[in-house]
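Down below is the structure, laid out as structure tokens.
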Amino acid sequence: MKKPMRKKKKMALIKKNEFLSMKEDHLKERLNQLKKELLKLNAQRAIKTTLESPGKIKSIKKTIAKINTILKQGIKSREVKK
């Protein structure tokens, strides 16, 4: 009897430690880059072009969400300190 194979975890585009060490302007720049890349991938998908890796869309969306969360947490923490 074969053991069920485990799913391999995909590596994140940017690790959490890297997010926290980045400055706000660098995070915003990276956010813009990811949004442009996501736009290109969605356009490819819309015109039925074969994508290099369909899972990349999901990982980019997650990374964008992480960056937005970190940026909002930074804004809230600055407001509390004032």
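The values are calculated or read from the model by the stated rules, or taken from the named source; none is laboratory data. Everything numeric here is computed off the predicted structure, so don't read it as measured data. All Cβ positions, glycine included, derive from the backbone under ideal geometry; neighbour counts span all protein chains shown.
What the table below lists for this structure:
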read-out: Residue 41 vs. criteria part of a helix (DSSP H, G or I), under 15 Å from the mean Cα position of the chain (by Cα) and at pLDDT below 85; value: no
read-out: Residue list for the range 32-43, restricted to those being in contact with a Ser or Thr (Cβ under 9 Å, 6 or more places away or on another chain) and surrounded by 14 or more Cβ atoms within 10 Å (Cβ to Cβ); value: 34
read-out: Tabulated pairs, the range 64-82, first more than 14 Å from residue 24 (Cβ to Cβ), second modelled with pLDDT of 90 or more and part of a helix (DSSP H, G or I), C-beta under 8 angstrom, 6+ apart or interchain; value: 64/31; 64/34; 64/35; 64/38
read-out: Restricting the range 45-76 to residues that are surrounded by 14 or more Cβ atoms within 10 Å (Cβ to Cβ) and among the polar types (S, T, N, Q), the residue that is nearest to the chain's Cα centre (by Cα); value: 63
read-out: Condition met for residue 8 (at pLDDT below 90, on the phi > 0 side of the Ramachandran plot and in a loop (DSSP other than H, G, I, E, B)); value: no
